[in-house]
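Here the structure comes first, spelled out in structure tokens, and everything after it is commentary.
The values are calculated or read from the model by the stated rules, or taken from the named source; none is laboratory data. Bear in mind the structure is a predicted one, so any value in this text is a computation, not a measurement. As a convention, Cβ positions derive from the backbone with ideal geometry for all residues, glycine included, and neighbour counts pool all protein chains shown.
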2 protein chains.
Amino acid sequence: MRDILPAEKSFREQLLAIVRANYISRGFQEIETPALEDLSKLTSGQGGDNEKLVFQVLKRGEELEQAQAAGASLADLGLRFDLTVPLTRYYASNHSKLPRVLKALQVGPVWRAERPQKGRYRQFLQCDIDIIGDSTMLAEAELLSASLSALEAVGLEDATIRLNHRQLLSENIAGLGVASEDALKAMIIIDKLDKIGVAGVRTELEEAFGPEVAAAGHSWLSSLDQTEFPEALKPLVEALSDLGPRLRYDASLVRGMGYYTGAIFEIEHPAATSSIGGGGRYDSMVGKWLGTEVPAVGISLGIERIIELAKLPEIETSNTVLLIESEAHAVLALKLQAELIESGSSCRIEIRQKNIKAQLSNLATQGFDSFASVGDGIKSVSELDIRKLD
Amino acid sequence: MRDILPAEKSFREQLLAIVRANYISRGFQEIETPALEDLSKLTSGQGGDNEKLVFQVLKRGEELEQAQAAGASLADLGLRFDLTVPLTRYYASNHSKLPRVLKALQVGPVWRAERPQKGRYRQFLQCDIDIIGDSTMLAEAELLSASLSALEAVGLEDATIRLNHRQLLSENIAGLGVASEDALKAMIIIDKLDKIGVAGVRTELEEAFGPEVAAAGHSWLSSLDQTEFPEALKPLVEALSDLGPRLRYDASLVRGMGYYTGAIFEIEHPAATSSIGGGGRYDSMVGKWLGTEVPAVGISLGIERIIELAKLPEIETSNTVLLIESEAHAVLALKLQAELIESGSSCRIEIRQKNIKAQLSNLATQGFDSFASVGDGIKSVSELDIRKLD
């Protein structure tokens, strides 16, 4: 967890405003869920390994005493580890008040109790779009088209997407001789391909499933034919034909979560060493809370990584500092400030310090581009001598 | 805690964008602190009764086991209950990278483990501005001027401010015969004046300090002379002379927290039954973490109440739905959508449902104002028959 300084915060907020506006212009509607959810919802087996990383909130008052006395669970709430589990709970709680097809946008922090390590934070921002209630591939097409458009708007025109389909992957894994109940275990090994290579995957498959599966896996991964999209993905790729070579078939793409049921995708960028977003179809998750199945598909942008890479359009603003000699000029300074703001500038009031040179240089560093001294005799903005800061 | 539906979320975000822009135009810089702070920082005696309402986060792994075995504290982190304690911790941690006078803006959720009751949430949004490093009343003047301006921008032109000064209040309380170590206790009783009236305050003062203090308190509160601002507040009121009768002296204004040292203020609005914001000067709080005293003053807007009262300027947007017969028209629909967005509209794609009347009426409820059917033969936006929704 970390503090965000003014310059970075300003950049983050500008970036989020662009991404938000982009998604909203495509008919996505922003929603919000609380940071805390019932712990039982967060540890119901939907969230894979992330469920082990939940920050748990201690029960309070009598309930805590009773739990301690009974040796029962001490926690009743948890901080969300992603935005997908809360979204499906939200849809189940509120579906009668929501449009039949919900196109949801969420921007918010999530928390994971990971060991502190470089570049990883225990609180970080996610930005998800999800479509709930549409079983057609129009939903996937909209998510991918909208996400690439949002990334373009923040200067990441070179983002590309790798696609796979969970059903194909399952078939391929069954073809290796892995029993269906072990499929997820095999997927988690194959998911490491990027990190440990084909030989590493072979070793782990051998440990888990014996030499025959390992040999079959090695042979499959060594000769993947990915030149052409498989039938299951063709309609989607055709709908996105404008994106052309920015879509790529990746037969070994897994995505860690157990809940995916259809197309899965990951967004890459040449300047990033790992993916900058990802998602997929998860048609049975909403049904877990609601009782009836509702089709759903979502994609999440890794905002922290995107912030590191983004190039935002420059905004032309005038950012002026009014220097006053003492608080005795406060009335006047506040009046001039109001006038300057009215005319479209940003304006900060500061009391002039003894070391005026250091003060001005510090203000330039803070992003202010001009200054003017306010003193007796000045009555309106037109009488100010506004000078450039550099 | 609660879910926020799309229409309310959209209103909230518009309101926050206006308030943010307003403060930023006055030279406030947005910052962000993590939701979780060390529990010791949140329970150091600065936060008054709120310290009892902290959601505490359970230790993890070995540390939890050790704590349980040793009968030690089970929690190490807590969710912040306000934005002031984290800000002073932030300033102490980062002051070398911050401007000499920090004018900070914070917008974020805070959490309090209160009993659930109508209109009170356990997660709610606060919006604070603070000036750290300026001991002059220019700081108070800027905070009050900026806050009233932000409220005006969201349609609350009738907000007014009650002012008092902690030093005057302390003198008045000493004048009742209360020992200085009991001053805060007496303040907390006087703070209830709005709710329990002069007679109620007298009863509680008598229980706490005996009949003489109670009689003196009754006589003081019954004959408050608030027609003229006291000397300690005059320079501030003069600096804000443009606000005229929107500032009012309230000799019995207390504000619950123990950390205030100077001017204190509360914002009221005729349509609200309780205050919609408040704050004051807290010159010794930063010093608690940093070792050296740094002057500070802040004001917090009660965003949840403001959202209920606000009237936002209407935004003229065109919000179109493209209806397609099936996913087979996805390519075309995505192309037309991109064109419409390029021309400044918002545009959502939907598959036409059997009950088209119900679908269109639902879309109108969701804020869409027009629709067009996309089918064979249509190649560009100019060929669309865009019709009004009502």
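I'd like the full set of residues that are over 28 Å from residue B:144 (Cβ atoms) and at pLDDT below 95, limited to the stretch B:10-36.
B:10
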**Message:** Could you check the stretch B:287-301 and list, in sequence order, the residues that are under 19 Å from residue B:50 (Cα atoms) and in contact with a Leu (Cβ under 9 Å, 6 or more places away or on another chain)?
**Reply:** B:298, B:299, B:300, B:301
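Let's see how each residue does on (1) modelled with pLDDT of 95 or more; (2) touching a helix residue (DSSP H, G or I) at 6+ places or on another chain (Cβ under 8 Å):
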{"residue": "B:47", "(1), (2)": "no, yes"}
{"residue": "B:50", "(1), (2)": "no, no"}
{"residue": "B:60", "(1), (2)": "no, no"}
{"residue": "B:65", "(1), (2)": "no, no"}
{"residue": "B:87", "(1), (2)": "yes, no"}
**Request:** Search the stretch A:234-248 for residues that are at pLDDT 90 or above and pair each with any residue that is acidic (Asp, Glu) and not in a helix (DSSP H, G or I) when their beta-carbon atoms are under 8 Å apart and the residues are at least 6 apart or on different chains.
**Result:** none
**Asked** Taking strands (runs of 3 or more DSSP E) that do not extend beyond the stretch B:63-163, which have at least 2 residues that are within 14 Å of the chain's Cα centre (by Cα) and in contact (Cβ under 8 Å) with a residue 60 or more places away in the chain?
**Response** B:102-111, B:123-132
**Request:** Tell me which residues, restricted to the stretch A:370-385, are surrounded by fewer than 17 Cβ atoms within 10 Å (Cβ to Cβ), touching a strand residue (DSSP E or B) at 6+ places or on another chain (Cβ under 9 Å) and farther than 20 Å from residue B:134 by Cβ.
**Result:** A:385
**Request:** Any chance you could count how many residues in the stretch B:345-365 are facing chain A (nearest Cβ under 9 Å), under 23 Å from residue A:30 (Cβ atoms) and surrounded by fewer than 18 Cβ atoms within 10 Å (Cβ to Cβ)?
**Result:** 2
**Request:** Could you pull out every one of the helices (runs of 4 or more DSSP H) wholly within the stretch A:272-390 that has 1 or more residues that are over 28 Å from residue A:110 (Cα atoms) and outside the structural domain of residue A:103 (by TED's automatic domain parsing)?
**Result:** A:330-342, A:356-365
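Would you point out which residue out of B:205, B:224, B:184 is part of a loop (DSSP other than H, G, I, E, B), closer than 25 Å to residue B:280 by Cβ and aliphatic (A, V, I, L, M)?
B:224
When the residues of the stretch A:18-46 are filtered to those that are polar (S, T, N, Q), more than 10 Å from chain B (Cβ to nearest Cβ) and touching a residue at least 24 places away in the same chain (Cβ under 8 Å), which remaining residue is surrounded by the fewest Cβ atoms within 10 Å (Cβ to Cβ)? Working first, answer last.
Applying the first criterion (polar (S, T, N, Q)) to the stretch A:18-46 yields A:22, A:25, A:29, A:33, A:40, A:43-44, A:46.
Subsequent filtering for residues that are more than 10 Å from chain B (Cβ to nearest Cβ) retains A:40, A:43-44, A:46.
Then keep just the ones that are touching a residue at least 24 places away in the same chain (Cβ under 8 Å); that gives A:43-44, A:46.
Values: A:43: 18, A:44: 14, A:46: 22.
Looking at residues that are polar (S, T, N, Q), more than 10 Å from chain B (Cβ to nearest Cβ) and touching a residue at least 24 places away in the same chain (Cβ under 8 Å), I get A:44.
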**Asked** Is at least one residue of the stretch B:5-14 within 7 Å of chain A (Cβ to nearest Cβ), more than 24 Å from residue A:38 (Cβ to Cβ) and in contact with a Leu (Cβ under 6 Å, 6 or more places away or on another chain)?
**Response** no
**Message:** From the list B:301, B:322, B:334, exactly one residue is surrounded by 18 or more Cβ atoms within 10 Å (Cβ to Cβ), free of Cβ contacts under 8 Å to residues at least 24 places away in the same chain and within 42 Å of the chain's Cα centre (by Cα). Which is it?
**Reply:** B:334
**Request:** Report yes if some residue within the stretch B:216-229 is free of Cβ contacts under 8 Å to residues at least 60 places away in the same chain and crowded, with 21+ Cβ neighbours inside 10 Å; otherwise report no.
**Result:** yes
**Request:** Filter the stretch B:256-284 for residues that are at pLDDT below 90 and of a type outside the set (Phe, Trp, Tyr) and give the result.
**Result:** B:256, B:257, B:258, B:273, B:274, B:284
